[in-house]
Amino acid sequence: MTNIPDFASLVEEALKDHSKLRHIVSLLYSEDMAQRFKAAQALGEITRRDPELMRQRSDRIFRAFDDTMSCWGVAEAMAEIARNLPKQHRSKLLLFLRRLKRDDCSCQGYIWGMCRICKIEPERLKDFVSDLDGFLDSPNICMRAQTLWALGELGIKDKADRISCSLGDSNEVWIFENDSVTRKSIGAIAGEALKKLGYGQNA
């Protein structure tokens, strides 16, 4: 992971000069996962503080991805903007977000973002858990790892047996957590998920 820009300053600058949003959006293309993550969080924070600005700009921002919808950071950014908009303005972005759930570059961001949205909109949980159930069988180990994290975060106890199947997996991956990017073994992620569900290392 490279040095991370001062995103708090970038947020303040963008709120004063809206043209600075372009720089934050450009960081969503970074090869560095932590930079992409922080850029998405910065867009979410701008949305929280000035939702009307981002409601007006969201279409323009995401038109930039029309030709490269598998841009690494687009799912995380879209989710954070949607999460911080008033509920009545989220649906369009969430429809856009769901287009990315099978994209190899965007799947982790989709899972992380939808997990955070489901915490504030639990009525979306049923459909999302159905997605997660399928993701547990994915050959993409990053997708499986992010799914294990999400199941723990959302308290989905009826998936505990399937989570337990990953306890012995020593493959290490980078995953998004609530406010950070970390590298862990899939087994460790599964163990943490089970603890969140109220189980020990065995479900």
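Residue check, S166 against (1) part of a helix (DSSP H, G or I); (2) touching a residue at least 24 places away in the same chain (Cβ under 8 Å); (3) surrounded by 15 or more Cβ atoms within 10 Å (Cβ to Cβ), all met but one. Which one?
(1)
Would it be correct to say that A150 is under 19 Å from A34 (Cβ atoms), crowded, with 22+ Cβ neighbours inside 10 Å and at pLDDT 95 or above?
no
Restricting segment 24-46 to residues that are modelled with pLDDT of 90 or more and over 16 Å from the mean Cα position of the chain (by Cα), which is farthest from C105 (Cα to Cα)?
I46
Taking segment 84-126 only, how many residues are among the aliphatic types (A, V, I, L, M) and under 18 Å from I175 (Cβ atoms)?
Qualifying residue count, segment 84-126: 4.
Within segment 63-91, how many residues are of a type outside the set (D, E), at pLDDT 85 or above, within 21 Å of A42 (Cβ to Cβ) and not in a loop (DSSP other than H, G, I, E, B)?
10
Anything in segment 96-113 that is outside any loop (DSSP other than H, G, I, E, B) and either modelled with pLDDT of 85 or more or surrounded by 24 or more Cβ atoms within 10 Å (Cβ to Cβ) (or both)? List them, or say none.
Those that are outside any loop (DSSP other than H, G, I, E, B) and either modelled with pLDDT of 85 or more or surrounded by 24 or more Cβ atoms within 10 Å (Cβ to Cβ) (or both): L97, R98, C107, Q108, G109, Y110, I111, W112, G113.
The values are calculated or read from the model by the stated rules, or taken from the named source; none is laboratory data. This one's a predicted model, so the numbers in the text were calculated from it and none came from an experiment. A quick note on method: Cβ atoms are made from the backbone with ideal geometry, for glycine too, and the neighbour counts reach across all protein chains shown.
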